[in-house]
Every structure is written in structure tokens, then in C-alpha cells.
Amino acid sequence: MNAKIIIGIDPDIYKNGVAVYDTEEKDIELKCLKFWDLIQEFESYLVPIHVVLEAGWLIKKSNWHNENKGSRVSSNIGKKVGQNHAVGQLLEQYLKFKNISYELVKPQGKVKNDYIQRLFRNMPKKTTNKEERDALMLLIKFIK
């Protein structure tokens, strides 16, 4: 892989968590973008990029978020999870169509902001949200 920019994405119906790692500058940027803003982000790069896309739909057990929550809560969670999966699948279709290098990764689990701050002591952004943290965790193996 010869990508200069590696982008981790936690797909979401409203705000996609995005972590952008510049492999030459060793710079990390975290942000949340709406779907079309994310597409514009992809199209703005003039250098090779590689995308690491969180792919929750690859998990065989489809209701792993819903256990012991009650039917109404489970229904709402299931709906949101399904919408997020659909966004991720659309992003995958876009990446294939545009011939952008990418890989799918199963969700890794949640981490807290203080863990990110300990792991990345030079992070310019002191407070992160869960979408940004999830996107950043997808890039761990690339950050040296």
C-alpha cells in the first residue's frame, strides 16, 4: 500500500466519525462529517488514500447491542444500527466505484477519551466523541 493518507471511518446515519492520518507528516485529524461531506472529503485528496471502514454488518449476531434492553428499546437500537450499517455499505459501494483502496474491519469495541489521550499524548484535540474515537482506533496498526 502506497497511500499517503489513511482514513478511518465509523459510519453513522447522522455523523460519520472520521480519523485522517497523514503518513508523512505523522499528523492525525479527528472530525465528524455528514455523508455527502465525507464524499467530498474523499474527492478532495490529490494523493493516494486508503480507507479503513468499520463494518458492523460483518458481525454474524445481528442483535448484539440489544440484549436485555426490552422490546421498545431493542427496536430503536436495531433501527439505528441498521441505518448505520446501510451508510457503511453505501460508503463501501462508493469506494469500489471510485476504485479507492479500502478494507473492512469489524467493530473493535468502545474506548474512553482518557484512553485516547494516554495512547496519543500529542493529540491536538483534547476532547473526542465516541465516533471520532472509533474511527481513530481503526488506524492504530498504521500509526507509527
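Derivation of every value follows stated rules applied to the coordinates shown; laboratory data play no part. This one's a predicted model, so the numbers in the text were calculated from it and none came from an experiment. Cβ sites come from the backbone with ideal geometry, for glycine too, and all protein chains shown count toward neighbours.
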Within 10 Å, count the other beta carbons around each residue, average over each peptide in 108-119, 26-37, and list them highest first. 26-37, 108-119
Cβ-Cβ FRET estimate between Tyr94 and Lys60, R0 fixed at 22 Å, reported to 0.05: 0.30
Residue-span extension gain [Lys110 to Ile39] - 0.36 nm each, minus C-alpha spacing: 23.0 nm
Contour excess over end-to-end distance, with Cα ends at Lys4 and Val47 and 0.36 nm allotted per residue: 14.8 nm
